[in-house]
């Protein structure tokens, strides 16, 4: 009887912990979208209505799962969606990943909830070495991973419904066929940063470089300096960091790094990096290898 009580207690504790994480993630999503002038709940409702109207799903848990099975086989939902929201496409998956990371690192449980492991597996798809990305193959892989985790969530879970609707929206064919956005990677808790240029994005839209406060306009010069010195770029942020500002800094750094590398490639091979052969890319990477790392919120 004692053993049963202990097991039951552990199960209940774990269940409530995951409920708490789900609640934090959902609250975080609402907050991040509100900062961008969007109502996350309203957008998801409009997406669901649209997917129901064109016959992709009905209102049941089973219908969403069946469409994931369809995507796992075919790589796409062969019906054009009507509802489109560019800002949602930009923020949806990135915000899910960001809020998951924030909620997990803020928790006190040693065992990460299923959603953390889910996104950990999803990000691995981004690291496949492919010269030409096979979008259909990536969609199939993503759908298979989602199906693997379907039983980890209660069918009434608001968070799981959010994940399903978000991906079904991205899987649905429409006129401007697009690639699924690549998620910024999760990183190990401990990282080697001695050879890295450290950028810290704090609360109230503050940016620090190597411990010194800088302006957004200084980012490109500092990124170029880092690449010349063959340093990787290491991001840290705080629990109070606003997602939109963080993504703005991240995207600016990535854009500056790519542009500077392209300039170098043009001088050496009269081609941009993406146009180079494998051998030429290897030569460029030896001179200027772009590595961008992130850490958990402090």
Would you call residue 247 surrounded by 14 or more Cβ atoms within 10 Å (Cβ to Cβ), touching a residue at least 40 places away in the same chain (Cβ under 8 Å) and not in a strand (DSSP E or B)?
-> yes
Taking segment 55-88, which residues are crowded, with 16+ Cβ neighbours inside 10 Å, modelled with pLDDT under 85 and in contact with a strand residue (DSSP E or B) (Cβ under 9 Å, 6 or more places away or on another chain)?
-> 76, 81
Could you tell me whether segment 89-103 includes any residue that is more than 20 Å from the chain's Cα centre (by Cα) and either at pLDDT below 85 or not assigned by TED's automatic domain parsing to the domain that holds residue 242 (or both)?
-> no
Those residues of segment 205-227 which are loosely packed, with under 14 Cβ neighbours inside 10 Å and either touching a residue at least 12 places away in the same chain (Cβ under 8 Å) or assigned to a loop (DSSP other than H, G, I, E, B) (or both) amount to 210, 211, 215, 216, 225
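The values are calculated or read from the model by the stated rules, or taken from the named source; none is laboratory data. Just so you know, these numbers come straight off a predicted model, no measurement behind them. Don't worry about glycine lacking a Cβ; one is built from the backbone with ideal geometry, like all the others, and counts go over all protein chains shown.
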